[in-house]
Structures are given as C-alpha cells and as structure tokens.
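This report refers to the structure that appears directly beneath it.
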Amino acid sequence: MRLSTFRKKADIPRYFIITLAAAGLIFLQAGAVQANGIRTHTDVKEDRQHVLGHGHRMILIDAGHGGIDGGTSYGKVLEKDITLELSRRLFLLLRSDGFDAILNRNGDYAPSDENRWLRSSSRHLRDLAQRKELAETLPANVVVSIHINWAPSPSKHGPLVLYRQEGRSFMLAQSIQSQLNNLYQANADPRQGKPFYLLNKITATTVIVEAGFISSPSDRAKLCSKLGQQEIAEAIANGISAYLMEI
C-alpha cells in the first residue's frame, strides 16, 4: 500500500506546502521575469506552446541536496546552492511556458527534516525517501533531479544525464543530453544510472542531470555565473520540451 493513501493532511511535508504556494506566486510573476530579459530564446516558447495537452503533464524538479547536506563542493562553492539556483530558473522557464511544474524545495533545507514516517537512522535515506514520496504523491509524470558532478582531475568536464531503465526515461535523457551537449560543445551520451535510489524507486519517467563538473575550471565558471546558470536551465527546459513533443 502506498503510504500516501493513509497519511493525514496534517502529515503533508512543510516544504511541499510552501513549494505549492511558491509555485502559484512565481507563476504569476513569470511574465514580469520574462519581460525583464532573463529569457533569451523567445522563439522556443512558441514551439513549446504547440505541445498538445502539455499542461496536463506534471513535471517535478528535484533540487539536489540542501540544508545540512551540501553535496559536493569546491572551496566555498556548494553543490546545494547551484542546484537550487538552476532548479529555480528551470521552474520559471517551464511555468512561463504553461507546463505544470513543481519545485520540491525553494530554500536551503533538507527534505529529510520533514520525514516523520520512515524509521531509519540514515539521514541520507530519509532524504531520498522523502523526495521519492513527493514524486509518487503528486503524482509526477516526469521527474528531473538536478545535481553537480565532481572528479579528481580538473580536466574532466561536461554534462551527463542518467536515466532509469525504461524507454521513456532514456528518451528524456537523450533529449536533455543533446541540448546540454550543444551548450557545452560536448558529445557525451546519457548513461543508465543503476545504483541511484531515485532511478530505482520512482515509477515516473525520471532522469538525473549532472549539469557539469564543479572540479573543472571551465564548467565551474558556467555553473557559478548568472548567464551560465540561465543557459543551463534553458538547455534542460528545451530538452524536456522536445521530449514531450515526441511522446
């Protein structure tokens, strides 16, 4: 039995309620944001609006890490801060184009703090389980989890999209990878993410986007700049849109 079938309304996580409220607020502000020039590829929006029924597909944006969990790092640069900024920008782009998008955290906190139902001493497991539960409760049709990569060598660079072992997740990963490859001038292929909890547990079409290597000087410059963050968010949004037009 799914846990969500017998949980009381009072048990709904705080971050879920806040995110839904923020979604409405940001959706109302999306037009103003676009008018201020954050959106650069205006022609893409017209193409997206032709997606039949796109407003009936729920897209969950999973901003990786948060709170006590900073993720990977380079000096004072933390993965959790970059993933939140990328996820916020992606959320704005999708909402402004009429997609039903939800952002699972809109601040620096850990979803594990809201997990009161999983009796585990592992904060990491409680965090992942809470993210999975939200995806199933919505329910989400598409889940895009945003992360940042790291490698011992600074020469390792570029984006990587991981997918769960099923056809639609592979198609979504290919679409996003292609857009990110164009941005980074790379030629990477998406990979199956066998060991990853979210890719094994969530039943919706799910991918993990490693948006670049924080250990790479060139990637880090893009990941930490407002222009670079906007370009990355637009590439991911374009990949999601292209996938939805194919299915």
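The values are calculated or read from the model by the stated rules, or taken from the named source; none is laboratory data. Since we're looking at a predicted model, the values are computed, not measured. Cβ: placed from backbone, ideal geometry, glycine included. Neighbour counts: every protein chain shown.
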Just to be sure before I move on: is GLU210 of a type in the set (Asp, Glu), closer than 25 Å to PHE99 by Cβ, in contact (Cβ under 8 Å) with a residue 12 or more places away in the chain and crowded, with 21+ Cβ neighbours inside 10 Å in the structure I sent? yes
Note: among GLN165, GLN179, just one is surrounded by fewer than 20 Cβ atoms within 10 Å (Cβ to Cβ) and touching a helix residue (DSSP H, G or I) at 6+ places or on another chain (Cβ under 9 Å), namely GLN165
Being hydrophobic (A, V, I, L, M, F, W, C) and not in a strand (DSSP E or B) is the filter; apply it to the stretch 133-148 and report the residue that is nearest to THR205 (Cα to Cα). ALA140
Any chance ALA135 is within 15 Å of TYR197 (Cα to Cα), at pLDDT below 95, within 17 Å of the chain's Cα centre (by Cα) and of a type in the set (A, V, I, L, M): yes
Would you call GLN165 free of Cβ contacts under 8 Å to residues at least 60 places away in the same chain and either not in a loop (DSSP other than H, G, I, E, B) or not basic (Lys, Arg) (or both)? yes
So is ILE146 surrounded by 24 or more Cβ atoms within 10 Å (Cβ to Cβ), within 16 Å of the chain's Cα centre (by Cα) and within 28 Å of SER175 (Cα to Cα) or not? yes
Give just the number: which of (1) touching a residue at least 24 places away in the same chain (Cβ under 8 Å); (2) in contact with a Lys or Arg (Cβ under 9 Å, 6 or more places away or on another chain); (3) more than 20 Å from GLU85 (Cβ to Cβ) does PHE170 not satisfy? (1)
For LEU244, indicate whether it is surrounded by fewer than 20 Cβ atoms within 10 Å (Cβ to Cβ) and hydrophobic (A, V, I, L, M, F, W, C). no
Working carefully through the options ASP219, ASP189, find the one that is over 20 Å from ASP62 (Cβ atoms) and crowded, with 21+ Cβ neighbours inside 10 Å. ASP219
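Every residue, every condition in (1) touching a residue at least 24 places away in the same chain (Cβ under 8 Å); (2) farther than 22 Å from ALA233 by Cα; (3) surrounded by fewer than 23 Cβ atoms within 10 Å (Cβ to Cβ), yes or no:
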site	(1), (2), (3)
SER73	yes, no, yes
GLY98	yes, no, yes
ARG105	yes, no, no
ASP108	yes, no, yes
SER120	no, yes, yes
ARG126	no, yes, yes
ARG131	yes, no, no
Would you please name the residue that is nearest to the chain's Cα centre (by Cα), looking only at residues in the stretch 92-132 that are basic (Lys, Arg), within 20 Å of MET58 (Cβ to Cβ) and in a helix (DSSP H, G or I)? ARG131
Restricting attention to the stretch 59-69, does a residue exist that is over 19 Å from ALA204 (Cα atoms), in contact with an Asp or Glu (Cβ under 7 Å, 6 or more places away or on another chain) and assigned to a strand (DSSP E or B)? yes
